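Readers should treat all values here as calculations from the given coordinates under stated rules, not as data from a laboratory. Please read all numbers here as calculations on a predicted model, not as lab measurements. Cβ placement follows ideal geometry from the backbone for every residue including glycine, while neighbour counts extend to all protein chains displayed.
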Amino acid sequence: MTTPVRASDTPFAVAVEQGKDYWWCACGLSKSQPFCDGSHNAAKAFTPVKYTAAQSTTVYFCGCKATGNQPLCDGSHNKKP
Ligand code: FES
Ligand code: FES
């Protein structure tokens, strides 16, 4: 598996807490999107991406897994594959 699974067509809005670490699922196989649940072990080629919240706010994590600004949505989900 070299291409991530498109877990969602839109980003996931998450209220993050300042100073807390989050592990974004890069493979798209996690059942707890947008975060890693260890399912990437079956995909081999992927590892989660760490995100540390600089402040408590709402963050839009990429759900399509095609973002060029991992782990955040950069609008790439609107592009045709
Ligand atoms: Fe997708 Fe861990 S489950 S990166
Ligand atoms: Fe992936 Fe927006 S959801 S770029």
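Compute the relative contact order of the chain as a whole-number percentage, counting only Cα pairs closer than 8 Å that sit 6 or more residues apart in sequence.
37 percent
Sketch the reach of a paramagnetic label on residue 17 as a point 7 Å from Cα along Cα-to-Cβ, and name the residues of the stretch 48-71 whose backbone nitrogen lies under 17 Å away.
51-59
Pop a pseudo-label 7 angstrom from the Cα along the beta-carbon direction at both residue 45 and residue 3 and give the gap in nm to one decimal.
Label at residue 45, label at residue 3, 0.9 nm between them.
Measuring from label point to label point, each 7 Å out along Cα→Cβ, what is the residue 31 to residue 69 span in nm?
Between residue 31 and residue 69, the simple spin-label model gives 3.3 nm.
If you add up the charges near residue 46, with Lys and Arg at +1 and Asp and Glu at -1, over every other residue whose beta carbon is less than 14 angstrom from its beta carbon, what do you get?
Residues near residue 46 contribute +3 overall.
Can you count the Lys pairs in the chain with C-alpha separation below 23 Å, eight or more apart or on different chains?
Summing the qualifying lysine pairs gives 10.
With θ set to phi - 60° and the Karplus curve 6.51 cos²θ - 1.76 cosθ + 1.60, what are the ³J(HN,Hα) couplings of the stretch 16-27 in order, to the nearest whole Hz, using x for Gly and Pro?
9, 10, 3, x, 8, 8, 10, 10, 7, 6, 8, 8
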